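The structure under discussion appears below in the form of structure tokens.
The values are calculated or read from the model by the stated rules, or taken from the named source; none is laboratory data. Every value quoted in this text rests on a predicted model; they were computed, and no experiment measured them. Note: ideal-geometry Cβ built from the backbone for every residue, glycine included; neighbour counts use all protein chains shown. Side chains included, ligands, DNA and RNA excluded: accessible areas come from the protein's heavy atoms. Shrake-Rupley method; radii C 1.70, N 1.55, O 1.52, S 1.80 Å.
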Amino acid sequence: MEFKNIVATIYLKDGKAVKSPTDFAPDGDIFERAKSYNDCGIDKIFIFDLSDDDEEHEKNLQTIKNMNHNLEIKVCAGGNINRFEDIKKIFYTGCMQVMLNGSKPQSIKLAEEASRRFGKDRVLVSVKNVDFIFKNHDLMEENFHEMLVLDRKMVDAVENITSIPYVVVTDDGNLDEIEAILKQEQARGITGAFITEPGRDIMQLKTELSDRGIRMVNFTSSLKWSDFKLNSDGMVPVIVQDYRTDEVLMLAYMNEEAFTKTISSGKMTYYSRSRGELWMKGETSGHIQYVKSLTADCDYDTILAKVSQIGAACHTGKPSCFFHPIVRKEYLEKNPLKVFEEVYAIILDRKANPKEGSYTTYLFDKGIDKILKKLGEESAETIIAAKNPNPEEIKYEISDYLYHLMVLMAEKGITWEDITQELSQR
């Protein structure tokens, strides 16, 4: 049985989130909303471009690209798609899927080309009546991975005429109604305004649906509390790390109730030894820690938590609780990503603050043609070195090539995050 999805929807007008396709009132900061969806248990985001012209379309695409920089969950975008070039541009923003409008006559033709070029699993369609499905049944089965059913009343008919999985738009947040939809064989998920209402606890909703026999993407512990070796207070210490940077943020303690609450809510919850009570991190400050993973150590007496930290981890306002130096020995950093980021940061600094005698400054002064010429030369030298038996030579040439590649990246405003995000989707 497939997992069922909870899908958030964002409408985009003039680069900003708005209430709906007919209500262009502002609907909060799109980047904060998307980041919240990324952490709180939402499985996917549908984002719709409501632009009227090419200029606004490009502005909305740039907003989607900026939004995708900080997301790991799947994003599907649609709206104002009139030609195949528009589909490519959506994928260039970092979206995993594209949503075509079933009411547009060119959508089937575009879907055929998109599914052939990018794969059927990246092409979705929105449908507001069953006539479209009847008329295009075979082509839909061949070219669409999923449907967005815009009218809840269509569900029974959709179940009978197609095997394409679908997400249903419903503004009824009643648990019985949601259960009825998700228990349909082809239903893959739900979306609607009720999902993003203030105070909506997505993980709690998933827990309630799981209790009703619906398979949701939520946390299920592979260990029981009795598997842990407790300290003298009957608790387990928890080391907390930022899931992106691996920075150690804090140390806290869990009892059984805190452990259970953390699993069910998806938010780090601890037991305060000084106050003698349960506390969810960020409950009053807003500095919530969303769970990304929990791992027990070899002796089952410590938990390592990787989290998405909102705001500061420390009560002092510092990002981490660990900031008092005791001793330090200088060392050569060899972590690949950190080395790349440090070298790239120096290159960016030379671009922003030119330094006399700096080769990097010289390249930026000469401009893009010089940078490309040097990159081409280093590429050729790397190829030549690869034909030689001495492995030291190719290591040197690859390093030269990567340095010049980073200069090009800095010149064009491309970051390592952009590159790693693109690679992660391959």
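By definition, a body whose alpha carbon gyration tensor gives a ≥ b ≥ c is oblate when a/c is 1.5 or more and a/b is not larger than b/c, and the chain fits this oblate description.
I'd like the distance separating the alpha-carbon centroids of segment 246-309 and segment 365-406, in whole Å. So the two Cα centres are separated by 47 Å. May I ask you to give the percent of accessible area on segment 316-417 that is carbon plus sulfur, with a probe radius of 1.4 Å? The computed percentage sits at 60. Under the convention that each Lys and Arg Cβ holds +1 and each Asp and Glu Cβ holds -1, the size of the dipole of segment 289-426 around its Cα centre is about 320 debye. I need the shape label for segment 31-96. Rule: rounded when a/c is under 1.5, else prolate if a/b > b/c, else oblate, with a, b, c from the alpha carbon gyration tensor. Prolate, since a/c reaches 1.5 and a/b exceeds b/c.
Cβ distances below 4.7 Å define possible disulfide partners, and in the chain the cysteines left without one are CYS40, CYS76, CYS95, CYS298.
Of all DSSP-defined beta bridges confined to segment 1-112, some 20% are antiparallel rather than parallel. Highest average first, the peptides 230-240, 120-130 ordered by how many other beta carbon atoms sit within 10 Å of their residues are 120-130, 230-240. Ranking ALA305, TYR271, SER285 by how far each Cα lies toward the positive end of the dipole of segment 244-330 (charges on Cβ) leaves SER285 at the top.
Residue pairs exceeding 21 angstrom between C-alpha atoms, taken from LYS13/LYS35; LYS44/LYS135; LYS4/LYS206; LYS74/LYS120; LYS19/LYS183; LYS104/LYS135: LYS44/LYS135; LYS19/LYS183. Along its three principal directions, the equivalent ellipsoid of segment 260-322 from the Cα gyration tensor extends over semi-axes of 19, 14, 13 Å, largest first. Using R0 = 30 Å, the C-beta based FRET efficiency linking ILE384 and LEU405 works out to 0.95. The residues of the chain expose, per residue, 54 Å² of accessible area to a 1.4 Å probe. The length gained on full extension between ASP201 and ASP54, counted as 0.36 nm times the residue separation minus their Cα-Cα distance, comes to 49.2 nm. For segment 295-426, the relative contact order is 17 percent, taking Cα pairs closer than 8 Å that sit 6 or more residues apart in sequence and dividing their mean separation by the residue count. Most tightly packed first, judged by the mean number of other beta-carbon atoms within 10 Å of their residues, the peptides 297-303, 184-190, 399-405 read 184-190, 399-405, 297-303. Net length available on complete extension from VAL327 to LYS128 is 65.1 nm, with 0.36 nm assigned per residue and the Cα-Cα distance removed.
The alpha carbon centroids of segment 310-331 and segment 165-215 are separated by 41 Å. The listed residues LYS224, LYS306, once ranked by accessible area (1.4 Å probe) with the largest placed first, stand as LYS224, LYS306. Ellipticity at 222 nm from helices only: DSSP H runs of n ≥ 4 in the chain, each -39500 (n - 2.57), divided by the residue count, give -12000 deg cm²/dmol. Relative contact order for segment 114-208: 21 percent, from Cα pairs under 8 Å spaced at least 6 residues apart, divided by residue count. Sorting GLU85, GLU55, GLU179 on solvent-accessible area from highest to lowest, probe radius 1.4 Å, gives GLU55, GLU85, GLU179. Only protein atoms count toward the accessible area here, which uses a 1.4 Å probe; on segment 171-239, the carbon and sulfur part of that area reaches 45 percent.
Let me check I've understood the local charge: for LYS19, count other residues with C-beta under 15 angstrom from its C-beta, Lys and Arg +1, Asp and Glu -1. What total comes out? Present the calculation step by step, with values, prior to reporting the outcome.
On the way: positive: LYS13, LYS16, ARG33; negative: ASP14, ASP23, ASP27, ASP29, ASP171, GLU197.
Every neighbour counted, the sum reads -3.
Could you tell me which of VAL130, ILE42, CYS314 has its Cα farthest along the dipole of the chain towards the positive end, charges placed at Cβ (Lys, Arg +1; Asp, Glu -1), taken about the Cα centre? Toward the positive end, the furthest listed residue is CYS314.
When only Cα pairs below 8 angstrom with a gap of at least 6 residues are kept, the chain shows a relative contact order of 10 percent. How would you classify segment 348-426 from its alpha-carbon gyration tensor, with a ≥ b ≥ c the square roots of the eigenvalues: rounded for a/c under 1.5, else prolate if a/b is greater than b/c, otherwise oblate? Cα axes put segment 348-426 in the oblate bin. Projecting the Cα atoms of VAL149, GLY192, ALA345 onto the dipole axis of the chain, where Lys and Arg carry +1 and Asp and Glu carry -1 at the beta carbon, places ALA345 farthest toward the positive end. At full extension, LYS355 and ASN82 could sit 93.5 nm farther apart than now, given 0.36 nm per residue minus the alpha carbon distance. Summing +1 for each Lys or Arg and -1 for each Asp or Glu among the other residues whose beta-carbon sits under 12 angstrom from that of ASP29 gives +1. Taking the Cα centre of segment 85-192 as reference, the dipole from Cβ charges on Lys and Arg (+1) and Asp and Glu (-1) amounts to some 560 debye.
Using the Cα centre of the chain as the reference point, and only Cβ charges (+1 on K/R, -1 on D/E), how large is the resulting charge dipole? Debye, rounded to the nearest 20.
So the dipole magnitude of the chain works out to roughly 420 debye.
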